[in-house]
1. When the stretch 338-395 is examined, which residues are found to be over 29 Å from Ala324 (Cα atoms) and of a type in the set (D, E, K, R)?
2. Going through the stretch 328-338 one residue at a time, which ones are touching a strand residue (DSSP E or B) at 6+ places or on another chain (Cβ under 9 Å) and either among the polar types (S, T, N, Q) or open to solvent by less than 10 Å² (accessible area, probe 1.4 Å) (or both)?
3. Take the residues of the stretch 296-310 that are in contact with a strand residue (DSSP E or B) (Cβ under 8 Å, 6 or more places away or on another chain) and either outside any strand (DSSP E or B) or of a type in the set (Ser, Thr, Tyr) (or both): which is surrounded by the fewest Cβ atoms within 10 Å (Cβ to Cβ)?
4. Pairs please, first residue from the stretch 341-352 and closer than 17 Å to Ala312 by Cβ, second anywhere and part of a helix (DSSP H, G or I), Cβ atoms under 9 Å, 6+ apart in sequence or on different chains.
5. Taking the options Ala352, Ala372, Ala341, Ala367, name whichever one is in contact with a His (Cβ under 7 Å, 6 or more places away or on another chain) and either open to solvent by less than 60 Å² (accessible area, probe 1.4 Å) or not in a helix (DSSP H, G or I) (or both).
6. Across the stretch 194-240, what is the number of residues that are within 25 Å of Leu112 (Cα to Cα) and not charged (D, E, K, R)?
7. Helices (runs of 4 or more DSSP H) wholly in the stretch 104-193 with at least 2 residues that are in contact (Cβ under 8 Å) with a residue 12 or more places away in the chain and surrounded by fewer than 19 Cβ atoms within 10 Å (Cβ to Cβ) - which ones?
8. Would you be able to say whether some residue in the stretch 248-259 is farther than 22 Å from Ala107 by Cα, open to solvent by less than 60 Å² (accessible area, probe 1.4 Å) and modelled with pLDDT of 95 or more?
Amino acid sequence: MLDISSRVRVHVETLPVTQNDMGVCDAFEQYVPVGKPDTMNAPHPPKVAGIDSTVPSPAHTVASVTAGTSPAPPANPQNAPGALLQDRLAGWVSDLTTLHELTERLARASTLDEALQELLRAGAALVGARRGLVALEPSDGLGPATTLGLGLARADLGHLETVPRGALPYGRILDGLPGSDDGVTEPDLSAEKWLDPRHREVAARLGYAASFALPLATGTSGRLGAAVWLYDEPAEPSKRQRHLVGLYVRHAAEHLARLLELERTRACMATMAEELLPSRLPRVPGVQLAARHRTSPRGGGDWYDALPLPDAALGLAVGSVTGAGPSAVAAMGRLRASLRAYAVMEGEDPVAVLSDLELLLRLTEPARSATALFGYCEPALRRITLAGAGHSPPLLLGERRTEFVETSVSAPLGMLACWEAPSVEVQAEPGETVLLYTDGLLHRTGDPTDRAFARLHAAAAGVPKALRHDPGAVADHVLRAVLPEGADTADSREDVVLLAARFA
């Protein structure tokens, strides 16, 4: 962040040099204190919104004449060196305060899209534009690539995409064309003789007459993308505006690089978790299956499975491994693969399946625990034999009933020296659906456990009749009804798994 000092020391004798329009950092480098203490050392408050920006008169003036001679008053007090210098210092402090506020707002952006939008808004304020767009296109080719607009609708961005890339200022930056490293300025498109005809047409359609573009790049990550701001009338940013927006964009690019790396890590974790889960659900006569999975950004250990078993049976499983991150995802993959093997060997006895899984977990990963629910499903009989280890009970919903299946209370796997719990049998009616889910569905609601269960029950009971023939539609309705607005897709520490089995 930018640190604004409460006192600035400057040699009055160097004032003539300040008459040119220099940037904030250049100006402070010009006035580095040397030698003896400065003759003017007057503190002043920073300029902030709602406070008078006038800098108070200095506490003492400079004696610029020899002893015994009365100094002559300046011809115009408003042009006195001290007053001019104070005005210039007030402008510098105002600029630093503005940059400080804008970078603070940028730092509060926790996602890549939020940071890109904040970059557009801050840049537009600094250069005096009303609209703009940012194109994120990392030079390493690893993505993600996206384009966001400020004051531009999707249709407007679509029109810009019809212009040849090299004819657009940000396109020249993204392509690394010569002369684009320091930005591209087009102060008056109507006077540009070599303007691409399609660019001229789109500019007239969207109503912009000038543009100013800057690259987004860091020393370590290289080029990240480009930002361009659009003016309604012929214009271009002043030297001071260029300097300020340049400082801001350099800081913003570093922040974007960190968020980009975080976004890539999250995407890798989600991809790895998805690859460890079934790519598709089996087709078994007598039952329809649907699954929904929401992965947390840190990578969670929730899983589901459905595998065909001998005698036209079906194994259904959901579970959750404690912890988060790559280690939890890897442990989830190992447990799921092991459960599939045990289900093939002794799936008719769900208690034996979970007992074998508990022994494996205790021997191979003694510091980790897991919850699991395994069901041996016989579609022809519409019957499921269930065993659970510290897992939430399934939910059965149909035309005449919506109720939780009563399962015995048992400890999670890995918590006891020897796990064992009785199994229960569920007899479904034609058209009824059994919902298996992980605790993340309840935790994401933010409610206490009893209220979360009540919310889930009400959501299942409220599934419209027109949707009950489709287990996927049932699962989607339950997710929308149970989770608060945005919690279905928002970042969360909790994974969500929902597996629906509807009997014919």
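The values are calculated or read from the model by the stated rules, or taken from the named source; none is laboratory data. A quick note: this is a predicted structure, and the numbers were derived from the prediction, not measured. Glycine also receives a Cβ, built like all others from the backbone with ideal geometry; neighbour counts cover every protein chain displayed. Accessible surface is based on the protein model in full, side chains and every heavy atom, while ligands, DNA and RNA are left aside. Shrake-Rupley method; radii C 1.70, N 1.55, O 1.52, S 1.80 Å.
1. Glu346, Glu348, Asp349, Glu378, Arg382, Arg383 - these are the residues of the stretch 338-395 that are over 29 Å from Ala324 (Cα atoms) and of a type in the set (D, E, K, R).
2. Ala328, Val329, Ala331, Met332, Leu335, listed by residue number.
3. Tyr304
4. Ala343/Pro350; Ala343/Val353; Gly347/Val353
5. Ala372
6. Count: 19.
7. In the stretch 104-193, the matching helices (runs of 4 or more DSSP H) lie at 112-127, 154-161.
8. No: zero hits.
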